[in-house]
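The values are calculated or read from the model by the stated rules, or taken from the named source; none is laboratory data. Given the structure is predicted, the values throughout are model-derived calculations rather than measurements. Cβ atoms come from the backbone with ideal geometry, glycine included; neighbour counts cover every protein chain shown. Side chains are part of the model used for accessible areas, which takes the heavy atoms of the whole protein and leaves out ligands, DNA and RNA. Shrake-Rupley method; radii C 1.70, N 1.55, O 1.52, S 1.80 Å.
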Amino acid sequence: LRGLRKLYAPELPMEALERMGMELGSDVPYCVRGGTVLVQGKGEQLLSLRALPECWFVVCKPQVSFSTAEMYRRLDVAVHPDTRRMMDALQRRDLAEIFSQIGNVFEQVLPPGSEIFAIRDRLLTLGAGTACMSGSGSAVVGFFSQEEAARLSAAAMTGVPFVRCVGRG
C-alpha cells in the first residue's frame with residue numbers, strides 16, 4: 001500500500017491509506033504506519049508513541065500454530081495490560097520497566113504443557129529481559145537489552161525445531 005501510494009498517489013494522506021488498510025484487515029493500518037504504536041478499537045485507532053530504546057529480539061517459531069479466531073473465542077480477559085504504564089515507560093526510555101510491561105493475554109488460554117512456555121522459559125534462562133508469545137501465536141519473542149546476549153541466546157536455541165533470528169529494535 002505504501003509503495004502504491006508512492007507511485008500513484010503521493011498526495012494521499014497517510015491516514016487515508018490507513019483507513020483503506022482496514023478494508024484488508026485489522027492489522028493493516030498498523031503495518032501502514034509502522035513504528036511503536038498503541039492500537040485500539042478494531043485496529044483503526046492508532047497513536048504513535050516514542051520508539052523503543054535500543055534493544056534486541058530473538059524470535060522463535062515452533063511448528064505448532066493457533067487459529068486467531070479460536071484464541072479469541074477462548075479468551076475471557078478480566079485483566080488488561082497497563083497501557084498507561086507502558087506509555088510512561090516508553091516516554092522515559094526505561095527499558096527495564098518496558099520489559100516488565102510486556103506480556104500476552106493469549107498465553108492464558110494455551111494448554112499448560114504448551115511448547116510455547118518451554119521456549120519462553122528457555123529464552124528467559126538464556127538472559128532475555130522478558131519473553132512472550134507474539135500475537136495469537138505461535139511465535140515467541142525474547143527481548144534483550146544487550147546484542148551479545150541476544151546472539152548467544154539465538155545460537156543456544158539452534159537445533160531446536162524452530163526458526164530463529166536476531167533483530168534490533
* Mind listing whichever residues of the stretch 77-129 are among the hydroxyl-bearing types (Ser, Thr, Tyr) and more than 24 Å from Gln40 (Cα to Cα)? => Ser114, Thr125
* Structure fact -> Of the residues in the stretch 24-33, those that are part of a loop (DSSP other than H, G, I, E, B) and open to solvent by 60 Å² or more (accessible area, probe 1.4 Å) come to Leu24, Ser26, Asp27
* To do: Only residues in the stretch 34-53 that are under 14 Å from Met86 (Cβ atoms) and in a strand (DSSP E or B) count as the first member; pair them with residues that are aromatic (Phe, Trp, Tyr) and open to solvent by 60 Å² or more (accessible area, probe 1.4 Å), Cβ under 7 angstrom, at least 6 apart or cross-chain, and list the lot.
  => Val37/Tyr30; Val39/Tyr30
* Tell me, which residue of the stretch 57-70 that is of a type in the set (A, V, I, L, M, F, W, C) and either part of a loop (DSSP other than H, G, I, E, B) or closer than 18 Å to Ala89 by Cβ (or both) is nearest to the chain's Cα centre (by Cα)? -> Phe57
* To do: Considering each residue of the stretch 19-30, count those that are touching a Gly at 6+ places or on another chain (Cβ under 9 Å) and in contact (Cβ under 8 Å) with a residue 24 or more places away in the chain, and give that number.
  => 1
* Asked: Got a sec? Which helices (runs of 4 or more DSSP H) wholly within the stretch 76-161 have at least 3 residues that are of a type outside the set (Val, Ile, Thr) and open to solvent by less than 40 Å² (accessible area, probe 1.4 Å)?
  -> 83-92, 95-101, 147-156
* Determine whether Lys42 is closer than 27 Å to Gln101 by Cβ, open to solvent by 60 Å² or more (accessible area, probe 1.4 Å) and not polar (S, T, N, Q). => yes
* Structure fact -> Here the qualifying pairs (Cβ atoms under 8 Å; residues six or more apart or on different chains; first in the stretch 3-17 and part of a loop (DSSP other than H, G, I, E, B); second not hydroxyl-bearing (Ser, Thr, Tyr)) come out as Leu12/Arg5
* **Single residue of Arg85, Arg93 found to be modelled with pLDDT of 95 or more, on the phi > 0 side of the Ramachandran plot and either among the charged types (D, E, K, R) or over 18 Å from the mean Cα position of the chain (by Cα) (or both)** => Arg93
